[in-house]
Amino acid sequence: MSRVVAALLGLLVVSAAVAEHAEEWLLRMDQAAQTLTYEGDFVFLRGGQMRHMQALHLVNDSGTHVRIKAVDGPPIEIVAHGSQVSVAHGGQFQALPGSRDVLFSAVLPRRLWALRELYSVTLGGTERVADRPTQVVEVRPMDDFRFGFRLWAERDQGLLLKAVMINQQGEAVEQYSFSRVDFNPDVNGQFAAGIDEVISTSGAESERSSQEVEWKVTELPKGFVLRSVNRNAGEQRKPVDHLLFSDGLATISVFVEPLQDDSSSVSRTTNVGGVGAVTGMVANRQVTVMGEVPAETLNLILNSVKPVTPAVEKLGD
């Protein structure tokens, strides 16, 4: 922007400069999530339940590796190698549906340029998290189809140390916060052992091309685009199609599977913290829409799931 135009716009230019500076912090957080090696403890709060977790994020020549383990309550461990994410609830690891980042970087934007039409990004104050100074970044949605976020980034490294998801009423529905973080962890210690080894999983998905997609969503909120399409084996080894949508911050999963023998009438709604799910029947299939978005968004998408061709609908007859 030229100096003449800048002078004419006055306060508008100042406002734009502040917004760009806030977006730079989002970029710093994204870069830190991809390049930093660190270890720490954090608290995860969802649906009134609190879990204490230990985490290790390792970046080396073989890629990015993550291990997250609960230190209280029912056993759970998450391991990620790049986009391959697996979870174990005290037993064998199983692949998580969809390729997405684990917890810390899942909240970070992947299409920053697109967020400007969907979210207002501004700087807040400076606060301490895990005994470290942080910069607060406010991310507010411009419509009611998605939630907002309040983010705390470590000022020196840019790492996201705390994140709070906020609903339309301004209430915190989900959050995590580090209580301790170490940027020079012992990568040879017990918790790091085997973290960069790819583990065998069950229920792995097979990625499908856009030409193989048998289902479509005819009405999506502004900004949401299809990121991936996969098929895996669900219960009783029946195929489950998984469509993953994202607006750059929020993600929505659509699962389409054959009806169970006892599910002639399927309709239910669940909500735990910021994660909601709605289930219904579409073209003789059970369809579940799940994501960290308001219930209105989930229902909008559920009601617009359609088979790509009439032949798909006849398969369930």
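Sorted from fewest to most neighbouring beta carbons within 10 Å, what does the list 53, 142, 290 look like?
Details: 53 21, 142 15, 290 18.
Result, fewest neighbours first: 142, 290, 53.
Listing 76, 68, 301 from the residue with the fewest other Cβ atoms within 10 Å to the one with the most, what is the order?
Working: 76 14, 68 20, 301 26.
By the 10 Å Cβ count, ascending: 76, 68, 301.
Test of understanding: ordering 161, 220, 118 by Cβ neighbours within 10 Å, fewest first, what list do you get?
Working: 161 25, 220 17, 118 22.
So the residues, fewest neighbours to most, are 220, 118, 161.
So if R0 is 30 Å, what FRET efficiency would residue 138 and residue 284 give, r being the distance between their Cβ atoms, rounded to the nearest 0.05?
Step by step, r from the Cβ atoms, then E = 0.10.
In nanometres, what is the gap between the two model label sites at residue 87 and residue 193, each 7 Å from Cα along Cα-to-Cβ?
2.6
Gain in length, residue 183 to residue 299, computed as 0.36 nm per residue apart minus the alpha-carbon separation, to one decimal in nm?
Working: separation 116, 0.36 × 116 = 41.76 nm, distance 4.24 nm.
That pair, residue 183 and residue 299, stretches by 37.5 nm at full extension.
Assuming 0.36 nm per residue, please report the length gained on full extension of the stretch residue 171 to residue 27 beyond their Cα-Cα distance. Please report the intermediate quantities before stating the final value.
Details: separation 144, 0.36 × 144 = 51.84 nm, distance 2.58 nm.
That works out to 49.3 nm of additional length.
Using Cα centres only, tell me the gap between region 275-307 and region 116-183 in whole Å.
When both Cα centres are located, 28 Å separates them.
Coordinate-derived values only; no laboratory data. The shown structure was predicted, so the numbers you read here are calculated from the model rather than taken from an experiment. Quick reminder, even Gly has a Cβ in these numbers, built from the backbone with ideal geometry, and neighbours come from all protein chains shown.
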